[in-house]
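Trainee: Once you've had a glance at the structure underneath, I'll fire off some questions.
Bear in mind that the values in this text are calculations on the coordinates, not laboratory data. Computed from a predicted structure; not experimentally measured. Neighbour counts run over all protein chains shown; Cβ positions are idealised from the backbone, glycine included.
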Amino acid sequence: SAVISQKPSRDICQRGTSLTIQCQVDSQVTMMFWYRQQPGQSLTLIATANQGSEATYESGFVIDKFPISRPNLTFSTLTVSNMSPEDSSIYLCSVEPRGEEETQYFGPGTRLLVL
Amino acid sequence: AQSVAQPEDQVNVAEGNPLTVKCTYSVSGNPYLFWYVQYPNRGLQFLLKYITGDNLVKGSYGFEAEFNKSQTSFHLKKPSALVSDSALYFCAVRDMRWGKLQFGAGTQVVVTP
């Protein structure tokens with residue numbers, strides 16, 4: 001498994017601003033993922049972040065809105081840009097630990113409310 | 001394309017009774033199947049997985065799940081539910097040929113004392 005932390009755990013933001021969410025894992029991993037969970041909904045994959053390359057975005061998500069960084073094998077950030085109330089969600093990062101790449105383990109999530 | 005169905009939005013069970021949460025899936029190749037649990041104001045916690053081998057897999061907190069290839073199902077079970085099992089449960093599938101994890105809609109479990 002893996003121990004994953006996220007910062008901040010929650011935030012309340014004004015529309016039009018941006019928030020950067022950090023994800024830190026306790027071991028080196030190749031793949032990191034960012035998901036969105038809208039209120040009362042399931043998880044939707046935003047993008048996959050590999051170290052040393054551009055993130056791969058899913059349909060409906062664009063880099064200008066959700067820029068991602070992956071500077072090393074234990075850390076990633078997701079920025080939610082130019083926020084609107086529709087961006088109010090839980091944002092979760094996940095990883096596939098080395099030696100257990102078929103399984104994704106999730107961080108505690110970042111609860112975002114946009115007013 | 002792969003998909004996961006959790007036919008019940010909510011399951012209500014009395015403490016001490018058996019708990020079953022249903023999941024069916026559709027993938028083009030061999031499935032990797034997972035159950036996760038989300039407690040209020042918490043992230044997703046991994047419960048158990050089926051990759052290959054024995055159709056009955058055991059996981060955390062006394063949960064188990066049975067892989068049924070003919071019925072394309074992977075139901076989650078617990079012989080005796082606890083009030084603390086009240087949470088949101090997600091079934092997920094991935095076809096390793098594509099690699100992405102597809103989640104079901106989730107089932108809210110409510111265990112009453």
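Trainee: Quick one: work out the % antiparallel among DSSP beta bridges in chain B, nearest 5.
Mentor: 85
Trainee: May I ask you to order B:106-112, B:88-94 by the average number of other C-beta atoms within 10 Å around their residues, highest value first?
Mentor: So the order, starting with the most tightly packed, is B:88-94, B:106-112.
Trainee: Moving to a separate point now. Take every residue in peptide B:47-55, count the Cβ atoms of other chains within 10 Å of its Cβ, and give the average of those counts.
Mentor: Mean number of neighbouring Cβ atoms from other chains: 1.
Trainee: Is there a simple number for the mean count of other chain Cβ atoms within 10 Å of the Cβ of residues in B:30-42, and what is it?
Mentor: 2
Trainee: Another question about this same structure. Quick one: which of B:LYS78/B:LYS100; A:LYS7/B:LYS100; B:LYS22/B:LYS69; B:LYS22/B:LYS78; B:LYS77/B:LYS100 span more than 20 angstrom between C-alpha atoms?
Mentor: Distance filter (> 20 Å) returns B:LYS78/B:LYS100; A:LYS7/B:LYS100; B:LYS77/B:LYS100.
Trainee: Further, regarding this structure: Applying a 10 Å radius around every beta-carbon, put B:45-57, A:88-100 in order of their mean neighbour count, most first.
Mentor: The packing order, highest mean first, is A:88-100, B:45-57.
Trainee: Taking the Cα atoms of the protein assembly as shown, what is the range of coordinates along each of the three principal axes, in descending order and whole Å?
Mentor: Sorted largest first, the three principal extents are 49, 38, 31 Å.
Trainee: Let me ask you something else. Could the peptides B:31-43, A:64-76 be put in order, highest first, of the mean number of other beta-carbon atoms found within 10 Å of their residues?
Mentor: The most tightly packed comes first, giving B:31-43, A:64-76.
Trainee: Can you give me the C-alpha center-to-center distance between the stretch B:13-43 and the stretch A:10-54, rounded to a whole angstrom?
Mentor: One Cα centre to the other: 23 Å.
Trainee: Looking only at other chains, what is the average number of their beta-carbon atoms within 10 angstrom of each beta-carbon in A:101-110?
Mentor: The mean count of partner-chain Cβ atoms within 10 Å per residue comes to 5.
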